Amino acid sequence: LLPRKRRLSMPDGGGKPAIGVNLECEAPVVTPQHGPFWVVGRARSGRSTALETIAWALASVVAGADGDLVLVAAGESRSPSAARTTPPWDARPAADALADLGTRRIALLAVDDAHRLHEEHWAALGRVVATANGRPLVALAAETALLDRWNPEVATMLGHGSGLFLSPDPEEDGRLLGAELPRYRPFAMSAGRGYLVNRGERPRAIQLAMR
């Protein structure tokens, strides 16, 4: 969910998947095209919308031959808003989607409400990531407090240290992804805003785009 007054059109990433703008300098912010990428935040922080933004951004820079865009719905399916179109992805429940991914070439594997995945789903997801045909971007949206950090597959994917903290609470320190979020935050962290982190780099305050 993004408030209407904060909607931002998809920026030009210069051939890379741009998902928003840097609030400090208004430069396009791009997401990696491979590996695990977390989108974490509380309810109504914009997690599902962030996955849609990532899908649209990736669809704009990859060809069909590069692989499919797949949405794994771990929670209840969400009806798309009449104000926007759905990304060109194959959206299915977790059990169905994960059972069918072994032989497919995948450009994006997006998992919504990843904190709702069962242990066997995490194991299947780990196998897909390890054996996927191609090198997909695996975008996982989850509520921080409900994520099972002791699950070995979760811990492995968190260890990559790449992702987006949406609408972080004042006490959120970023350690989930090995980052250190600034204590002083000059921007209001409303839905659709947050900090983009990559291990070893300074967190960047961003505003998500919406198609």
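The values are calculated or read from the model by the stated rules, or taken from the named source; none is laboratory data. This is a predicted model, so every value here is computed, not measured. As a convention, Cβ positions derive from the backbone with ideal geometry for all residues, glycine included, and neighbour counts pool all protein chains shown. Each accessible area value is taken on the protein alone, full model and side chains, heavy atoms only, with ligands, DNA and RNA left out. Shrake-Rupley method; radii C 1.70, N 1.55, O 1.52, S 1.80 Å.
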Requested in this report: Can you confirm whether the stretch 98-109 contains a residue that is open to solvent by less than 80 Å² (accessible area, probe 1.4 Å), in contact (Cβ under 8 Å) with a residue 12 or more places away in the chain and among the polar types (S, T, N, Q)?
Outcome: no
Report summary line: Reported set for the stretch 33-43 where residues are surrounded by 15 or more Cβ atoms within 10 Å (Cβ to Cβ) and either of a type in the set (D, E, K, R) or out of contact with any Asp or Glu (no Cβ under 8 Å at 6 or more places or on another chain) (or both) is Gln33, Pro36, Phe37, Trp38, Val39, Arg42
**Report entry** Options Asp148, Asp113, Asp173, Asp169; residue that is open to solvent by 20 Å² or more (accessible area, probe 1.4 Å), at positive phi and among the acidic types (Asp, Glu)
**Finding:** Asp113
Requested in this report: Would you mind stating whether Ala179 is under 18 Å from Ala205 (Cβ atoms) and open to solvent by 10 Å² or more (accessible area, probe 1.4 Å)?
Outcome: yes
Report summary line: Checked pairs for the stretch 184-196, first in contact (Cβ under 8 Å) with a residue 24 or more places away in the chain, second of a type in the set (S, T, N, Q) and in a loop (DSSP other than H, G, I, E, B), C-beta under 7 Å and 6 or more apart or across chains, list as Ser190/Ser167; Ala191/Ser45; Ala191/Ser167; Arg193/Ser167; Gly194/Ser167
Requested in this report: Just give me the residues in the stretch 182-192 being out of contact with any helix residue (DSSP H, G or I) (no Cβ under 7 Å at 6 or more places or on another chain), under 24 Å from His160 (Cβ atoms) and surrounded by 19 or more Cβ atoms within 10 Å (Cβ to Cβ), in sequence order.
Outcome: Met189
Report summary line: Among residues of the stretch 193-211 being under 20 Å from Ser48 (Cβ atoms) and outside any strand (DSSP E or B), the residue least open to solvent (accessible area, probe 1.4 Å) is Ala209
